[in-house]
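> Mind having a look at this structure? Questions to follow.
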Amino acid sequence: MIRVVIADDQTLMRDGLQTIIDLQDDMEVVGAAEDGEQACELAHALRPDLVLMDIRMPRLDGIESTRRIKRELPGTAVLILTTFDEDEYIVDGLASGACGYLLKDLPARKIVESIRDAVRGQLMLPATVAAKLASRLAFLSGAPADVLDPSRLRSEGIRFTEREKKVILLMLEGRTNREIAGILFMSEGTVKNYVSVIYQKIGTNDRAKALLVLQGLLREEGASSPSGQ
């Protein structure tokens, strides 16, 4: 059973998330906090598997709360769930130890799936968030603009097979390896192998940077999504 603490200063959001999570057979909400200080206190007292953390809260914000929890309870996953998609929040949240950064407009199904995947150790980043992160990291690193230039990579002869393209397009939709496996009727291990080959071709195993580059590469080819979305 996955034990979850919810941290959000909006009562309606806390109650809604609790209802969604408690309906799952494999997870339960063991505590709910209305501010960052209380989130840290509940994490210490209850030792949950995961804290679902908002960003802007009174007393202590979600970034600092995440930092404290991960410093003192490294075995507890922290998954940020917020309405704010500013680059600074994304970078600071992940740098503080969060295992993912989700936006509140996600469907309930995606939120509970993300909780499961986060507890298993996967980094949870929707494609839109990953692209913002990649742009920010490129800027902060001072890397030359052409390092992440899809045209440059295309000129070097990088090509993808049709099956690789299907995997890439589903990655760009924010799908997990398990979801991709189900859609394409593969084993999860096979999908992981495809992802490794894709990363090797573009020269990075950083998911956020990879997604940004892959968006540009496939846009040049005019590829379409296999799932019809």
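Read-outs: derived from the displayed coordinates by stated rules, not from any lab. From a predicted model like this one, the values you see are computed outputs, not experimental measurements. Positions of Cβ are backbone-derived with ideal geometry, glycine not excepted, and every protein chain shown enters the neighbour counts.
> Which whole-number percent gives the relative contact order of the stretch 1-109, counting Cα pairs below 8 Å spaced six or more residues apart?
23 percent
> Fully extended, how many nm does the chain gain between residue 205 and residue 15 (0.36 nm per residue separation, minus their Cα-Cα distance)?
64.6 nm
> Compute the relative contact order of the stretch 43-91 as a whole-number percentage, counting only Cα pairs closer than 8 Å that sit 6 or more residues apart in sequence.
44 percent
> Next up: Please say if the stretch 1-56 is rounded, prolate or oblate, where rounded means a/c under 1.5 for a ≥ b ≥ c the square roots of the C-alpha gyration tensor eigenvalues, and otherwise the choice is prolate for a/b larger than b/c and oblate otherwise?
Since a/c reaches 1.5 but b/c is at least a/b, the shape of the stretch 1-56 is classed as oblate.
> Write down, largest first, the equivalent ellipsoid semi-axes of the stretch 2-124 in whole Å, where each equals the square root of 5 times an eigenvalue of the alpha-carbon gyration tensor.
18, 16, 15
> What distance in nm separates the two pseudo spin-label positions at residue 64 and residue 192, each 7 Å out from Cα along the beta-carbon direction?
3.9 nm
> Among 194, 101, 199, rank each residue by its count of other Cβ atoms within 10 Å, from fewest to most, as a rough exposure measure.
199, 194, 101
> Gain in length, residue 24 to residue 56, computed as 0.36 nm per residue apart minus the alpha-carbon separation, to one decimal in nm?
On the way: separation 32, 0.36 × 32 = 11.52 nm, distance 2.70 nm.
Residue separation times 0.36 nm, minus the Cα-Cα distance, leaves 8.8 nm.
> Taking the alpha carbon gyration tensor of the stretch 29-89, what are the square roots of 5 times its eigenvalues, largest first, to the nearest whole Å?
Ellipsoid half-lengths, sorted descending, are 18, 12, 11 Å.
> Sort 112, 213, 5 by Cβ crowding within 10 Å, fewest neighbours at the top.
So the ranking, lowest neighbour count to highest, is 112, 213, 5.
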